[in-house]
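The values are calculated or read from the model by the stated rules, or taken from the named source; none is laboratory data. None of these values were measured; they are calculated from a predicted model. Positions of Cβ are generated from backbone atoms using ideal geometry, with glycine treated the same way; all protein chains shown enter the neighbour counts. Only protein heavy atoms, including side chains, enter the accessible area calculation; ligands, DNA and RNA are left aside. Shrake-Rupley method; radii C 1.70, N 1.55, O 1.52, S 1.80 Å.
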Amino acid sequence: MGCRNCRLVVIKGPLFSSATTWLNITSQTVALYNTNAAQGLGVHVTNHVDLHSHDNIEVVLKLKTSVENSDYFYTDLNSFQMHRRKTLNRFPIQGNFYPMTSAAFIEDSRIRFSLLSAESHGIASLNPGTLELILDRRLAQDDWRGLKEGVQDNVQAVSQFIVVVEEWKNAVKSSKVPPLTGFPSRVVQRMGNAMENRLVFLSSSVSKPPFSLLSHSALPCDVHLVNMRLLSVEGDGTRGLELLVVLHRVGVTCEIENPVASDCTDSDEIMFSSLFRNFTVTSVDEMTLTGTSVIRHILPDTPVVLNNMEIKTWKLNLI
């Protein structure tokens, strides 16, 4: 996408450095964070696309690498697992695009190139070592894909990505057909969770002491707290709380080194009796996923193990 007199702004500082460029219809910011946490291992890319004054145009972000992935790449299925995709030359271009909810990667026997996204996009790998993402499009007429009208209601589209390049611990045996499913590294999994579950800052004019509900290192590193909501409160809250807790154990690969120190535990077991800092768990019920029916009752100090890729719900009573 060519332009004349494009602007470029570079910011350098102790916390992060970034470069922002403005083109005719889009702007792009690339940032690096100076931190030892997982966020410092990726390249953060933010795009703003505004097509309200153009017709019959599609904006695509293309990433070119030296990865020798042949015709195969991986995209996530609703952020649950990574599934192998194959580019078929007999299909037209639009037939080789697949939905990407939150992540995609290409890999060879040396490295893995991962792309995390805060929004859903269509993605393809039309050539070895490349990833193409649809950022936005605007049409003046129907494209015969079921919409039966042009796309004319565009607003400014904001897309956020994190690019992560990782090396395998050992040389991976290359095969013509990679496995049907893939797994992210622990670092990529943590970065994806941080991108999808951003902090919400609330302010108050009343000064209160710090409060933390969960105890330190309460959950294993690969267990994600999907949801925790209050079901009921007895009286003024001093006589007990009833919570519904949803946990998901993600599948991660052990073939990629984890260079980031973490404060979570490597144990596979979850102890609900030690999950909370200022409350005592009096009873635990394993529920159906929706929390409407009880499956079994367990003691609070009974170790619970989640298998890879499992999502389970528990109802807890606290005092």
Of all residues making up region 227-258, the number that are out of contact with any Asp or Glu (no Cβ under 9 Å at 6 or more places or on another chain), open to solvent by 50 Å² or more (accessible area, probe 1.4 Å) and either part of a loop (DSSP other than H, G, I, E, B) or at pLDDT below 90 (or both): 7
Residue 186 being surrounded by 17 or more Cβ atoms within 10 Å (Cβ to Cβ) and charged (D, E, K, R): yes
Restricting region 103-119 to residues that are among the small types (Gly, Ala, Ser) and modelled with pLDDT of 95 or more, which is farthest from residue 135 (Cα to Cα)? 114
Unmet criterion (only one of (1) open to solvent by less than 40 Å² (accessible area, probe 1.4 Å); (2) modelled with pLDDT of 90 or more; (3) among the aliphatic types (A, V, I, L, M); (4) closer than 27 Å to residue 151 by Cα) for residue 88: (4)
Among the residues of region 111-125, are any touching a His at 6+ places or on another chain (Cβ under 6 Å) and open to solvent by less than 30 Å² (accessible area, probe 1.4 Å)? no
With the requirement that a residue be touching a residue at least 60 places away in the same chain (Cβ under 8 Å) and assigned to a strand (DSSP E or B), what does region 86-116 give you? 103, 105, 107, 112, 114, 116
Residues to consider are 61, 32; find the one that is under 30 Å from residue 176 (Cα atoms) and under 21 Å from the mean Cα position of the chain (by Cα). 61
Name the single residue, out of those in region 286-303 being within 15 Å of residue 229 (Cβ to Cβ) and assigned to a loop (DSSP other than H, G, I, E, B), that is least open to solvent (accessible area, probe 1.4 Å). 291
